[in-house]
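Notes for the one structure printed next.
The values are calculated or read from the model by the stated rules, or taken from the named source; none is laboratory data. Because the structure is a prediction, the values reported are computed rather than measured. Cβ atoms come from the backbone with ideal geometry, glycine included; neighbour counts cover every protein chain shown. With ligands, DNA and RNA removed, areas are computed over all heavy atoms of the protein, side chains included. Shrake-Rupley method; radii C 1.70, N 1.55, O 1.52, S 1.80 Å.
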Amino acid sequence: MASDPLSLLREFTINDKPVTLLNEEGEKVMNITEAKKIKFTDDAIFPRDTPTNFKKTNATDNETYTLETLIFLVQTSQVDNSVYFKECRTRGIEHVSIVDRRKILDYLTGKVDQSPNVSISNLGEKRTRDDANYFDSTTKKMKVNPLTSANSIKTVKEVLSREREMTTRSTILKGSKNFTHAINLAKQLVLGKDVPTNPRPNTTQKSGASQPSSSNHKSSSASIKPSTKSTPINKTPKLSSKDRIPIIIVPAAPTAKFTLYNIKQFLEEQKYVDSQVLREEGLKKPERVTVERTKSNGQIVPYHIVDSVANFKQNDWDRVCCVFVAGQLWQFKGWKWEKPVDLFSHVKGFYPKWSSDKINAPASEWAVAEMNIHRSKRHMDKATVSQFWDALDSYNATHKPYLNF
């Protein structure tokens with residue numbers, strides 16, 4: 001039997017064998033916050049924060065993941081990224097990066113026999129319960145490890161299903177209600193203006209509710225392809241789910257603050273990583289990425305992100321709600337709206353920059369919102385992402401209510 005923690009965890013994962021949590025007295029416990037060691041066999045007991053041989057892709061000095069981090073990843077392998085990162089934050093466990101997540105799961109579950117991230121060292125070999133002092137205290141991290149029972153995945157899912165979101169004054173003020181329909185209806189009745197009154201599609205609308213006329217539906221959704229099937233909820237044409245997914249465009253320039261290399265990690269993990277760093281690490285640029293945004297009510301909403309409009313159709317332009325600008329006019333060459341004054345009257349523009357910098361010309365004359373990023377304080381990224389979604393939600397509610405956001 002293997003004796004290093006990574007090999008043991010791989011063997012136990014492949015054979016669906018549970019590990020045991022022990023406290024300081026060597027007694028079995030169920031909660032990792034009470035445990036100090038992880039037991040595989042009588043001759044293989046390790047501190048829960050033992051470093052393993054699996055190196056981090058984006059780390060320097062060959063930093064590796066700890067045993068507790070890999071165990072929790074296996075336990076939550078069936079949940080999506082947003083739930084996984086949330087649970088890591090709640091428990092104080094270091095999360096595995098998106099770049100490494102699939103590599104680790106494939107290796108631990110036996111889908112692959114080798115991984116370039118696994119170092120060939122004898123770290124953790126032939127350890128017993130008596131030589132835990134071998135590990136230097138400087139390598140230990142203050143973490144909180146997960147439950148390590150055989151039914152851990154089932155337990156995590158059960159806990160998540162019972163989780164209830166607390167409502168505070170702040171969360172109420174950040175409500176996602178859309179009052180565009182009421183505003184447009186008031187304009188029509190009071191001012192006599194013929195304005196669109198069709199709100200964003202609402203799947204919870206009752207069948208007895210009144211519907212806007214087709215004449216008032218043209219300006220907001222005439223360019224969206226309707227389904228040929230009628231819906232029992234309302235009389236307006238039903239849009240396919242694909243036709244309602246918002247599109248965000250990022251620059252193709254490798255020097256831009258946000259590209260297809262790093263935009264997904266920023267919006268999902270709320271952490272900024274320079275795209276140049278990811279390119280140098282050998283990460284291949286995707287043709288398109290999908291960001292799954294988890295809203296405060298638990299709803300997961302997809303956004304498509306591209307850096308090229310070469311194959312865009314009219315329907316695609318109708319879905320474009322946001323453009324990240326690099327500050328140069330050539331970015332818009334060949335677009336439906338090549339002039340900034342036209343472009344930003346149809347989509348929301350954001351100019352990402354370091355918080356200490358100013359917007360340079362010609363972007364300083366465009367109708368774009370600043371997105372300030374701190375050079376070194378990564379804990380501030382979360383607030384930047386939150387402000388971005390709030391601004392984009394407000395824009396979509398007013399100008400593109402037919403999209404799912």
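On the stretch given as segment 279-315, residues that are within 23 Å of residue 331 (Cα to Cα) and either part of a loop (DSSP other than H, G, I, E, B) or open to solvent by less than 30 Å² (accessible area, probe 1.4 Å) (or both) total 19.
Checking the structure you have, find out if any residue of segment 364-374 is closer than 17 Å to residue 250 by Cβ and part of a loop (DSSP other than H, G, I, E, B). Looking through segment 364-374, at least one residue is closer than 17 Å to residue 250 by Cβ and part of a loop (DSSP other than H, G, I, E, B).
When segment 341-361 is filtered for residues that are under 14 Å from residue 323 (Cβ atoms), open to solvent by 20 Å² or more (accessible area, probe 1.4 Å), part of a loop (DSSP other than H, G, I, E, B) and not aromatic (Phe, Trp, Tyr), the ones remaining, listed by number, are 345, 346. Going residue by residue through segment 10-26, is there one that turns out to be open to solvent by 30 Å² or more (accessible area, probe 1.4 Å) and hydrophobic (A, V, I, L, M, F, W, C)? Yes - at least one qualifying residue is present in segment 10-26.
Looking only at segment 387-396, count how many residues are touching a residue at least 60 places away in the same chain (Cβ under 8 Å) and either open to solvent by 60 Å² or more (accessible area, probe 1.4 Å) or not acidic (Asp, Glu) (or both). Adding up the residues that qualify gives 6. With respect to being of a type outside the set (S, T, N, Q) and surrounded by 15 or more Cβ atoms within 10 Å (Cβ to Cβ), residue 400 fits the description. Looking at 327, 334, just one residue is open to solvent by less than 30 Å² (accessible area, probe 1.4 Å), touching a residue at least 12 places away in the same chain (Cβ under 8 Å), more than 22 Å from residue 295 (Cα to Cα) and in a loop (DSSP other than H, G, I, E, B), and that residue is 327. Considering the conditions (1) hydroxyl-bearing (Ser, Thr, Tyr); (2) in contact with a strand residue (DSSP E or B) (Cβ under 9 Å, 6 or more places away or on another chain); (3) open to solvent by 70 Å² or more (accessible area, probe 1.4 Å), residue 90 is excluded by exactly one of them, (2).
Look at residue 77 and say whether it is open to solvent by 30 Å² or more (accessible area, probe 1.4 Å) and either under 29 Å from residue 261 (Cβ atoms) or at pLDDT 75 or above (or both). It is true that residue 77 is open to solvent by 30 Å² or more (accessible area, probe 1.4 Å) and either under 29 Å from residue 261 (Cβ atoms) or at pLDDT 75 or above (or both).
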